[in-house]
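This report concerns only the one structure given below.
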Amino acid sequence: MHSDPHDDVHAGAEELRTALKDHGITLPSLGVDLPGFAGVYGVSLVALGNCNAATARRLAEVLRKAAGR
C-alpha cells in the first residue's frame with residue numbers, strides 16, 4: 001500500500017523541521033509548497049523558504065560537520 005503523497009510531503013516537512021530544531025536551527029517559512037501540493041509540478045514539494053545569514057551559516061556548519069569536514 002502506498003502512502004498518500006500529500007501526507008508524505010507534510011510528514012517530510014515536519015521531520016525536517018524537527019531535525020533542524022535538534023540543531024538549534026529554525027527556518028520560519030519551512031512548509032509545504034502550495035503549487036506543488038496542488039499538483040502543478042507533478043510532485044509535492046517542501047518549501048525551505050528564507051532565512052537570515054546567521055541561520056544560513058549555522059545550517060552550513062551543521063551540514064559540514066555531518067559530512068565529516
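The values are calculated or read from the model by the stated rules, or taken from the named source; none is laboratory data. No experiment lies behind these values; they were computed from the predicted model shown. Backbone-built Cβ (ideal geometry, glycine too); neighbour counts: all protein chains shown. Only protein heavy atoms, including side chains, enter the accessible area calculation; ligands, DNA and RNA are left aside. Shrake-Rupley method; radii C 1.70, N 1.55, O 1.52, S 1.80 Å.
Summary table
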| item | result |
| --- | --- |
| Inter-label distance, nm, simple model (7 Å from Cα along the C-beta direction), Lys65/Ala38 | 4.0 nm |
| Carbon + sulfur, % of accessible area of the chain - ligands and nucleic acids excluded, 1.4 Å | 57 percent |
| Nearest-ten-degree value, helix 5-22 long axis tilted from longest Cα axis of the chain | 10 degrees |
| Ala47 long-range amide H proximity, modeled H, under 5 Å | Gly31, Val32, Asp33 |
| Relative contact order for the chain, counting Cα pairs under 8 Å that sit 6 or more residues apart, in percent | 29 percent |
| Cα-based helix-to-principal-axis angle, 53-66 vs the chain, degrees rounded to 10 | 90 degrees |
| Theoretical FRET efficiency, 1/(1+(r/R0)^6), r = Cβ-Cβ of Arg57 and Asp8, R0 35 Å, to 0.05 | 0.70 |
